[in-house]
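*Asks:* Got a structure for you, written out below as C-alpha cells; questions coming shortly.
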C-alpha cells in the first residue's frame with residue numbers, strides 16, 4: 001500500500017533557484033508535447049504516446065542545453081502526467097488537457113527514486129540534483145521511498161510530499 005508524508009522544506013538560495021528552473025522546465029516539456037500531440041493529431045490523425053514523446057524528449061534535450069540542468073526523472077514525470085491527462089480525456093471524457101501557466105499560484109514537480117537518489121537522514125532529505133535540503137520532520141518515514149513531489153505554495157513556502165510503499169496491518173474484525 002502507498003502512503004504519503006508531507007514536510008516543510010527549507011532550501012538555500014542556490015537550491016531555490018534550481019527548484020524554480022525545474023518548475024519551468026517541467027512546464028515547458030508539458031506544454032511543448034501538448035502542442036506537439038495536438039499538431040500531429042490535426043495533420044496525421046494519429047496520437048503520440050508516452051514512449052514516442054520520451055524518445056523526442058532526448059532529441060529536445062540535445063537542441064536545448066538548459067533542459068539538462070534539472071532532474072531528468074522530473075521531465076519524464078511531466079510526460080507521464082500529460083499522457084495520463086490524455087488517457088483521462090479519452091476514457092472518462094473529462095476536459096481536454098490545458099497548457100500550464102507560470103502564473104499558477106501552486107508550482108510543483110515530481111522526482112522518482114532511482115537507486116536511492118531520494119533519502120531521508122535526520123532532519124534533511126536528499127533530492128536529485130538538489131542534494132541535501134533541510135526539512136521540518138514531524139514524524140518518521142516508514143517504508144520504501146517511491147517518489148518525492150516538491151511544491152511551492154502562493155506564500156512562497158516549499159513543501160515535499162514523500163510517497164512510500166509500506167505494509168499496512170489490517171484491523172481485527174469486529175463481531
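Only the coordinates and a few stated rules stand behind these numbers; no lab work does. Computed from a prediction, not measured in an experiment: that's the story for all the values here. Cβ placement follows ideal geometry from the backbone for every residue including glycine, while neighbour counts extend to all protein chains displayed.
*Asks:* With the Cα gyration tensor of the range 60-175 giving a ≥ b ≥ c as the square roots of its eigenvalues, does the rule (a/c under 1.5 for rounded; else a/b larger than b/c for prolate; else oblate) give rounded, prolate or oblate?
*Replies:* Numbers: a/c = 1.80, a/b = 1.20, b/c = 1.49.
Oblate, since a/c reaches 1.5 and b/c is not below a/b.
*Asks:* A follow-up question, please. By count of other Cβ within 10 Å, fewest leading, how are 80, 102 ordered? Show your work: numbers first, answer last.
*Replies:* Working: 80 16, 102 10.
Ranking 80, 102 by Cβ neighbours within 10 Å, fewest first, gives 102, 80.
*Asks:* Rounding to the nearest 10 and keeping the result within 0 to 90°, find how far the Cα-based axis of helix 72-92 lies from the longest principal axis of the chain.
*Replies:* With rounding to tens, the tilt is 70 degrees.
*Asks:* Describe numerically, in nm with one decimal, the distance between label points set 7 Å from Cα along Cα→Cβ at residue 139 and at residue 38.
*Replies:* Between residue 139 and residue 38, the label points sit 4.2 nm apart.
*Asks:* Express the relative contact order of the range 19-92 as a whole percentage, based on alpha carbon pairs under 8 Å and six or more residues apart in sequence. Can you show the working numbers first?
*Replies:* Details: 37 pairs, mean separation 34.5, N = 74.
So the answer I get is 47 percent.
*Asks:* So, one more: Please work out how much length the chain gains when fully extended from residue 63 to residue 50, using 0.36 nm per residue of separation minus the C-alpha to C-alpha distance, in nm with one decimal. Let's see the in-between values first.
*Replies:* Details: separation 13, 0.36 × 13 = 4.68 nm, distance 1.98 nm.
Gain in length upon complete extension: 2.7 nm.
*Asks:* Using alpha carbon centroids, what distance separates the range 13-49 and the range 92-128, in Å?
*Replies:* Their Cα centres are 14 Å away from one another.
*Asks:* At a 10 angstrom cut-off on C-beta neighbours, averaged per residue, how do the peptides 58-64, 143-149 rank from highest to lowest? Show your work: numbers first, answer last.
*Replies:* Values: 58-64: 11.3, 143-149: 17.9.
Highest to lowest by the protection proxy: 143-149, 58-64.
*Asks:* Here's another thing I want to ask about it. Going by a ≥ b ≥ c, the root eigenvalues of the Cα gyration tensor, does the range 1-93 fall in the rounded group (a/c under 1.5), the prolate group (a/b larger than b/c) or the oblate group? Write out the running numbers ahead of the final one.
*Replies:* Values: a/c = 2.70, a/b = 1.43, b/c = 1.89.
Judged from the Cα gyration tensor, the range 1-93 comes out oblate (a/c at least 1.5, b/c at or above a/b).
*Asks:* Give me the angle, in degrees from 0 to 90, between the Cα long axis of helix 13-44 and the longest principal axis of the Cα atoms of the chain, rounded to the nearest 10.
*Replies:* The two axes meet at around 40 degrees.
*Asks:* Moving on. Let me have the 222 nm mean residue ellipticity of the chain computed from DSSP H runs of 4+ only, each contributing -39500 (n - 2.57), with the sum over all residues rounded to the nearest 500. Working shown, then result.
*Replies:* Numbers: 3 runs with 67 residues, N = 175.
For the chain, the value works out to -13500 deg cm²/dmol.
*Asks:* Tell me whether the range 1-41 comes out rounded, prolate or oblate; compute the Cα gyration tensor, take square roots of the eigenvalues as a ≥ b ≥ c, and use a/c under 1.5 as the rounded threshold.
*Replies:* On the way: a/c = 6.52, a/b = 1.59, b/c = 4.10.
Taking the square roots of the gyration eigenvalues as a ≥ b ≥ c, the range 1-41 is oblate.
*Asks:* How high is the relative contact order of the chain, in percent, counting Cα pairs under 8 Å that sit 6 or more residues apart? Each step should come with its number before you reach the end.
*Replies:* Numbers: 237 pairs, mean separation 57.9, N = 175.
Computed over the chain, the figure is 33 percent.
*Asks:* Cut-off is 10 Å between beta-carbons; in what order do 141, 29 appear when sorted fewest neighbours first?
*Replies:* Neighbour counts put them in this order, fewest first: 141, 29.
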